[in-house]
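Colleague: Shown below is the structure under consideration.
FYI, it's all coordinate maths here, none of it is from the lab. Computed from a prediction, not measured in an experiment: that's the story for all the values here. Ideal geometry is used to build each Cβ from the backbone, glycine not excepted, and the neighbour counts take in all protein chains shown.
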Amino acid sequence: MKNELTFINPTRGFLEVDVMHLRHPEFKTQEPIRADKGSAGYDFFSKETAVIHPGQKHLFWTDVKSYMKKDEVLELHIRSSLGIKEDLMLANTTGIIDSSYFENTKNGGNIGICLRNFSNKKVIINSGDRIAQGIFKNYLTTINDNVRDEERTGGIGSSGR
């Protein structure tokens, strides 16, 4: 995985988080990929093997961060096969990765994906399994746009309740 922005036009993409923010340094980080040229979503991979028991959830740290334009967002969605075949959902239903999440001070932009098991059987996620897909989108703001803080300082949940 590339660790520097060495692209001709670095408008959006993925990088491995800095060493100090790696949650699973013992495993190689897989950059999210699209399944084919017609795929909208970039598949994210698990870096660990975990058992999710019925009614329980597990937070998977990908050791991946994403950069994008200021007016873009990376939406995370469950992969169809996990939702339909395994009754798994993202714990927050849709993950929103803001452009300001990149390299935040708390976790360096490390993207976490929390899966909840709604089935009545345990589900095993293996290291290397595709667990979610991310889609880059533009968003709009209002003409009288108000923001609470000029900059983000933390990771998940840092924008308040």
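Colleague: Which of the listed residues, 54, 134, 35, is farthest toward the dipole's positive end in the chain, when Lys, Arg count +1 and Asp, Glu count -1 at the beta-carbon?
Modeller: 54
Colleague: Then there is this: Assuming a ≥ b ≥ c are the square roots of the Cα gyration tensor eigenvalues, decide whether the stretch 1-90 counts as rounded (a/c under 1.5), prolate (otherwise, with a/b larger than b/c) or oblate.
Modeller: Oblate, because a/c is 1.5 or more while a/b does not exceed b/c.
Colleague: Right, another one. Using a simple charge model, +1 on the beta-carbon of Lys and Arg, -1 on the beta-carbon of Asp and Glu, nothing else, what dipole does the stretch 40-134 show about its Cα centre, in debye to the nearest 20?
Modeller: About 260 debye.
Colleague: Taking amide H atoms as placed 1.01 Å from N in the peptide plane, list the residues 5 or more away in sequence, or in a different chain, whose amide H sits under 5 Å from that of residue 44.
Modeller: 131, 132, 133, 134
Colleague: Moving on. To the nearest 500 deg cm²/dmol, what mean residue ellipticity at 222 nm is calculated for the chain from DSSP H runs of n ≥ 4 alone, each contributing -39,500 (n - 2.57), summed and divided by the residues?
Modeller: -1000 deg cm²/dmol
Colleague: Can I ask one more? Evaluate the charge dipole of the chain about its Cα centre and quote only its size in Debye, nearest 20, assuming +1 on the Cβ of each Lys and Arg and -1 on the Cβ of each Asp and Glu.
Modeller: Dipole magnitude for the chain comes out near 500 debye.
Colleague: Ok, one more. Give me 143, 52, 124, 135 ranked fewest to most by other Cβ atoms within 10 Å of their Cβ, as a rough exposure proxy.
Modeller: Neighbour counts put them in this order, fewest first: 143, 124, 135, 52.
Colleague: If you work out mean projected area of the Cα convex hull in nm² from the coordinates, which of (i) 10.9; (ii) 10.2; (iii) 8.8 do you get?
Modeller: Looking at mean projected area of the Cα convex hull in nm² for this model, the match is (i).
Colleague: Pop out the ³J(HN,Hα) list for the stretch 106-113 in order, Karplus 6.51 cos²θ - 1.76 cosθ + 1.60 with θ = phi - 60°, rounded to Hz; leave Gly and Pro as x.
Modeller: The phi angles translate into 6, 9, x, x, 4, 7, x, 10 Hz.
Colleague: What FRET efficiency, computed as 1/(1 + (r/R0)^6) with R0 = 30 Å and r the Cβ-Cβ distance, is obtained for residue 124 and residue 40, rounded to the nearest 0.05?
Modeller: Once the sixth-power term is evaluated, E becomes 0.65.
Colleague: Between 138, 117, 126, which gets the highest mean-square fluctuation from a Gaussian network model of the chain, Cα cutoff 10 Å?
Modeller: Highest fluctuation among the options: 138.
Colleague: Put a dot 7 Å past each Cα toward the Cβ at residue 56 and residue 96; how far apart are the dots in nm?
Modeller: Inter-label distance under the simple model: 3.0 nm.
Colleague: Of 20, 89, 68, how do they rank once you tally other Cβ atoms within 10 Å and put the fewest first?
Modeller: 20, 89, 68
Colleague: Among 42, 67, 139, 101, rank each residue by its count of other Cβ atoms within 10 Å, from fewest to most, as a rough exposure measure.
Modeller: 139, 67, 42, 101
Colleague: Still on this structure, I have one more. With the chain treated as a Gaussian network of Cα nodes joined by springs under 10 Å, which of 121, 70, 85 yields the largest mean-square fluctuation?
Modeller: Looking only at 121, 70, 85, the largest GNM fluctuation is found for 85.
Colleague: List every residue whose amide H lies under 5 Å from the amide H of residue 60, counting only residues 5 or more places away in sequence or on a different chain, with H placed 1.01 Å from N in the peptide plane.
Modeller: The list, which skips near neighbours in sequence, is 113, 114, 115.
Colleague: Report the gain in length on full extension from residue 84 to residue 31: 0.36 nm times residue separation, minus Cα-Cα distance, nm rounded to one decimal.
Modeller: Fully extending the segment from residue 84 to residue 31 adds 16.6 nm.
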